[in-house]
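Notes follow the structure.
Quick note: the coordinates plus some simple rules give every number you see, no bench work behind them. Keep in mind that this is a model prediction, so the values were computed, not measured. Neighbour counts run over all protein chains shown; Cβ positions are idealised from the backbone, glycine included.
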Amino acid sequence: MALTIKKLAQQCDAEIFSNTSETLIESAADIGSAQKSQITILNDLKFSKFLPDTKASACFMNEEMAKLDVPEGMTILVSKDPEISFIKAVKLLHPEKQYQPKIAEQTVVAETATLADNVYLAEFSSIGERSQIGENCQLLAGVRIGDHVKIGANCRIYPNVVIYDHTQIGDNVIIHAGSVIGADGFGYKQRNQKHIKVPHVGYVKIENNVEIGANTCIDRGTFGETVIGEGSKVDNLVQIGHNNIIGENVIICGQTGISGSCQIENNVILAGSAGIADHVKIGHHAVVMARSGIASDIKECTQVFGSPAKDKKVAWRELAALAKLPQLMKTIKQMESRLRKLEE
């Protein structure tokens, strides 16, 4: 969708600082690759090195950066929050694909299932007994909804997602392709050198405004619930074990694994490839840095790193000391040699 710079400024909470307002903008791009008829953003001085050579027709900036020299013909759009303005522009210029309500012929819907208004059910999707699908939901090709599942309004579920029985999903939830919600937890008891499977009869509860990345797995509770709190965002390839309680607005990055019965409080960030042992509590606003291993509770508002994880400043000092170890060993050997000569 193409819009004039003037129209973008009006809809993106920005003001035109310089040059024309009637230039047509067709798409958005980063400042390093933007071309004519594209809009970009400069919100950090470290990217200002790209400014002299960019061919973008318009650029979002704050008031301070708007004082920089820009290429001839570029229109500056000044915003109090350039990032949010740019996001709004991207949504306007690259609107999501819309699906008109329909139920494909190849869809299988149980007689006892309930469908609200304006639902889109794509080919080869299926809905189990006594499940409920809220209004304006979109289930794309190959989605499998089990029995007694409840899905709220305005949800989009991408192809080949499997949602097991008794799962509860709130409003405005997005689940990307290939994810599995509500499978058995990984629970076994060892007897006589054999693994005895623990039955999992709980469920998964996903609250409003949650987004779950592709090929992520969320296990149901053993007896109770596994919860993903409102506004939380889960990346691709994440494993969330049984009975975990994930708070609100939590960020869980790709390849993170969370064992069973953990409590992740509000606004926690788990960076990529973090590993969380079972029965761990991570306090609100804590940050677990990439590839860290968590084996014990983490206090609120702290940042930890390493395996086992510790305060990031302590961990970094230890790494810096470790880097000096080869030279230290060389020095010790030299001192030992000198000491032997003195003794002789």
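General remarks:
- The count of lysine pairs in segment 228-344 whose Cα atoms are under 24 Å apart, excluding pairs fewer than 8 places apart on the same chain, comes to 16.
- For segment 149-163, backbone phi angles converted through the Karplus equation (6.51, -1.76, 1.60; θ = phi - 60°) give residue-by-residue couplings of 8, 10, 10, x, 7, 6, 9, 10, 10, 7, x, 6, 7, 10, 10 Hz, Gly and Pro being listed as x.
- Restricting the calculation to alpha carbons of segment 37-151 gives Rg and Dmax of 23.2, 66 angstrom.
- Under 5 Å, built H, 5+ apart or other chain: amide partners of Gln106: Phe124
- Each Cα pair under 8 Å and six or more residues apart adds its sequence gap; the mean of these over the residue count of segment 226-343 is a relative contact order of 14 percent.
- Cα-based reach from Lys102 at 13 Å (exclusive), listing aspartates and glutamates while leaving out same-chain residues under 8 positions away: Asp117, Glu123, Glu135
- Inverse mean reciprocal Cα-Cα distance (Kirkwood Rh) of segment 3-93, Å: 12.3
- In sequence order, segment 270-285 has phi-based couplings of 10, 6, x, 6, 5, x, 10, 6, 6, 6, 9, 10, 10, x, 4, 6 Hz under the Karplus curve 6.51 cos²θ - 1.76 cosθ + 1.60, θ = phi - 60°, and Gly or Pro positions carry x.
- Long-range HN-HN contacts of Phe186 with modeled amide H, under 5 Å: His242
- Distance between segment 1-52 and segment 176-214 - C-alpha centres, whole angstrom: 45
- Amide hydrogen proximity for Thr256: with H placed 1.01 Å from N in the peptide plane, the residues at 5 or more positions away or on another chain lying under 5 Å are Gln239, Ser273, Ala274.
- Spin-label model distance (nm) - Asn62 vs Gln334, 7 Å beyond Cα toward Cβ: 4.9
- With θ taken as phi - 60° and the Karplus curve 6.51 cos²θ - 1.76 cosθ + 1.60 applied, the whole-hertz 3J(HN,Hα) list for segment 64-71 is 5, 6, 5, 7, 5, 6, 10, x Hz, x standing for glycine and proline.
- Mean silhouette area of the chain, derived from the convex hull of its C-alpha atoms and averaged over all directions, reads 28.2 nm².
- Cα gyration tensor shape of segment 1-42, rounded if a/c is under 1.5, else prolate or oblate by comparing a/b with b/c: prolate
- Simple point charges give the picture: +1 on the Cβ of Lys and Arg, -1 on the Cβ of Asp and Glu, and for the chain a dipole about the Cα centre of about 1580 debye.
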